[in-house]
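*Asks:* Structure incoming, see below.
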Amino acid sequence: MPAPLIGLTTSVLSGRPPERAALNAAYITAVQGAGGVPVLLPPHLDAGARDALWERLEGLVLTGGGDLDPALYGETPHPTVADVSSARDALELWLARRAVEDGLPLLAICRGIQVLNVALGGSLWQDVPSQVPGALNHHQTAPRSEPTHRVKLLGEGTLLHAASRARELAVNSFHHQAVKRLGEGLREVAWAEDGLIEGVELPGHPFALGVQWHPEDLVGHDPAAHGLFAALVEVARARSRR
Ligand code: MN
């Protein structure tokens, strides 16, 4: 069977012209390392290109980036909300909802877990440091490949446990927002020591997993991080539409 095509969303860098679509290379190498073929999905795609790509994709990674527009979950923006792109929000919410409807394998990373949650009607902590008393430091200054806090995982019967073969993980952390009210149908599967939700799944879907950390930067150091990409690609390959 051919290697599955795995879509990867990108950021928009618009602060200084020219506008760019951008993605940390670690996502690309992590998908390739797991046997998938990365296909970049910038917010600049028009509906025709988006739909044509959708028909060909066999898996999807929603990547990290700036904050979602809080209006999408019915709130006014906290002063710290930054790097909002309405084009990116629109594309990723569309992709998340289609992946849920069509049973397309989906790994949602950092901003991605937040997109998945909001796509299903959930809400976010807009600024963990100022809104969640007693929260850990979730925005590390240490290198991206260095874990700085632990997460506890739900055990048997979850995708996250099957993919990581762990009950506890040491993870990196680069977020000031987090899942607050859970989206419809989602299940919590991992928590930081301060109780923040760090992992969610959608029971009944072939593979819809969201993590609040950045496994793409831990691949090569931690077999559990590679395991998440390997599990995504394995399900994508099994469900290959060609
Ligand atoms: Mn964290």
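*Asks:* Testing ALA170 on (1) in contact with a Pro (Cβ under 8 Å, 6 or more places away or on another chain); (2) more than 27 Å from HIS78 (Cα to Cα); (3) in a loop (DSSP other than H, G, I, E, B), one condition comes back false. Which one is that?
*Replies:* Failed condition: (3).
*Asks:* Now, a different point. Anything in region 205-214 that is within 15 Å of GLY59 (Cβ to Cβ) and within 15 Å of the ligand (Cβ to nearest atom)? List them, or say none.
*Replies:* Once the filter is applied, which keeps residues that are within 15 Å of GLY59 (Cβ to Cβ) and within 15 Å of the ligand (Cβ to nearest atom), region 205-214 yields only GLY210.
*Asks:* May I pose another question? Of all residues in region 205-221, how many are farther than 12 Å from GLY103 by Cα and assigned to a loop (DSSP other than H, G, I, E, B)?
*Replies:* 7
*Asks:* Only one residue in ALA52, ALA21, ALA82 is free of Cβ contacts under 8 Å to residues at least 12 places away in the same chain, farther than 22 Å from GLY220 by Cβ and not acidic (Asp, Glu). Which one?
*Replies:* Going through ALA52, ALA21, ALA82 in turn, just one is free of Cβ contacts under 8 Å to residues at least 12 places away in the same chain, farther than 22 Å from GLY220 by Cβ and not acidic (Asp, Glu): ALA52.
*Asks:* GLU234 fails exactly one of the following numbered conditions: (1) within 14 Å of the ligand (Cβ to nearest atom); (2) acidic (Asp, Glu); (3) buried (at least 17 other Cβ atoms within 10 Å of the Cβ). What is the number of that condition?
*Replies:* Result: GLU234 passes all but (1).
Results for (1) out of contact with any Gly (no Cβ under 7 Å at 6 or more places or on another chain); (2) farther than 23 Å from THR10 by Cβ; (3) of a type in the set (Asp, Glu), shown as yes or no for each residue.
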| position | (1), (2), (3) |
| --- | --- |
| TRP94 | yes, no, no |
| ILE109 | no, no, no |
| VAL132 | yes, yes, no |
| LEU182 | no, yes, no |
| ALA192 | yes, yes, no |
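*Asks:* Name the pairs: first residue in region 214-225 and surrounded by 24 or more Cβ atoms within 10 Å (Cβ to Cβ), second residue of a type in the set (Val, Ile, Thr), Cβ to Cβ under 6 Å, at least 6 apart or on different chains?
*Replies:* ALA225/VAL219
*Asks:* In addition: Select from region 137-159 the residues that are in contact (Cβ under 8 Å) with a residue 60 or more places away in the chain and more than 14 Å from the ligand (Cβ to nearest atom) and write down the one among them that is surrounded by the most Cβ atoms within 10 Å (Cβ to Cβ).
*Replies:* LEU159
*Asks:* Within region 180-191, can you find the residues that are crowded, with 22+ Cβ neighbours inside 10 Å and either among the aromatic types (Phe, Trp, Tyr) or within 11 Å of the ligand (Cβ to nearest atom) (or both)?
*Replies:* Listed by number, the list holds a single entry, ALA190.
*Asks:* Return the residues of region 162-202 that are of a type in the set (Lys, Arg) and within 23 Å of PHE229 (Cα to Cα); say none if nothing qualifies.
*Replies:* The answer is ARG165, ARG167, ARG187.
The numbers here are math on the coordinates, done by the rules we state, and not lab data. Not measured: the values here are computed from a predicted model. FYI the Cβ positions are ideal-geometry reconstructions off the backbone, even for glycines, and counts take in every protein chain you see.
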